[in-house]
Amino acid sequence: MLIVHVHVQVKPDCVEAFKEATLANARASVQEPGVARFDVVQQQDDPTRFVLVEVYRDEQAPAAHKQTAHYATWRDTVAPMMAQPRSSVKYTNVFPDDAGW
């Protein structure tokens, strides 16, 4: 399993549009065979900050995800909404093991 946390800060006037575009991307992403989870979380004390928690079944799945039409649509739609460039951190799960995914 590969877990990626994508950290995003959007412009204050773009929060709702970002959420709409991101939820559409997340709903399509969880239909991909290589995606185990795709969570979208919003920071409570700063609603312009989000983390996308992407859980992939293997190391190849992120590249496959980035080849989808829904990802390209999301990327191009949200690019002008960014207050700063998004960043990501990759993790390997320790618990639970992948038997439950």
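The values are calculated or read from the model by the stated rules, or taken from the named source; none is laboratory data. Just so we're clear, the structure is a prediction, and the values are computed from it rather than from any experiment. Reconstructed Cβ throughout: ideal geometry from the backbone, glycine too, with neighbour counts over all protein chains shown.
Search the stretch 30-45 for residues that are polar (S, T, N, Q) and pair each with any residue that is assigned to a strand (DSSP E or B) when their beta-carbon atoms are under 8 Å apart and the residues are at least 6 apart or on different chains.
Final answer for the pair search is Gln42/Arg49; Gln42/Phe50; Gln43/Arg49; Gln43/Phe50; Gln43/Val51.
Starting from the stretch 54-65, take each residue that is assigned to a helix (DSSP H, G or I) and list its partners that are surrounded by fewer than 20 Cβ atoms within 10 Å (Cβ to Cβ) and hydrophobic (A, V, I, L, M, F, W, C), counting only C-beta distances under 6 angstrom and pairs at least six apart or across chains.
none
Quick check on my filter: what residues within the stretch 16-53 are part of a loop (DSSP other than H, G, I, E, B) and within 27 Å of Pro96 (Cβ to Cβ)?
Of everything in the stretch 16-53, those that are part of a loop (DSSP other than H, G, I, E, B) and within 27 Å of Pro96 (Cβ to Cβ) turn out to be Val30, Gln31, Glu32, Pro33, Gly34, Gln43, Gln44.
Inspect all residues belonging to the stretch 73-85 and state whether any of them is modelled with pLDDT of 95 or more, in a strand (DSSP E or B) and more than 13 Å from the chain's Cα centre (by Cα).
Yes: the stretch 73-85 contains one or more residues that are modelled with pLDDT of 95 or more, in a strand (DSSP E or B) and more than 13 Å from the chain's Cα centre (by Cα).
Quick check on this structure: which one of Arg27, Arg37, Arg49 is basic (Lys, Arg) and exposed (fewer than 13 other Cβ atoms within 10 Å of the Cβ)?
When all the criteria are applied, what remains is Arg27.
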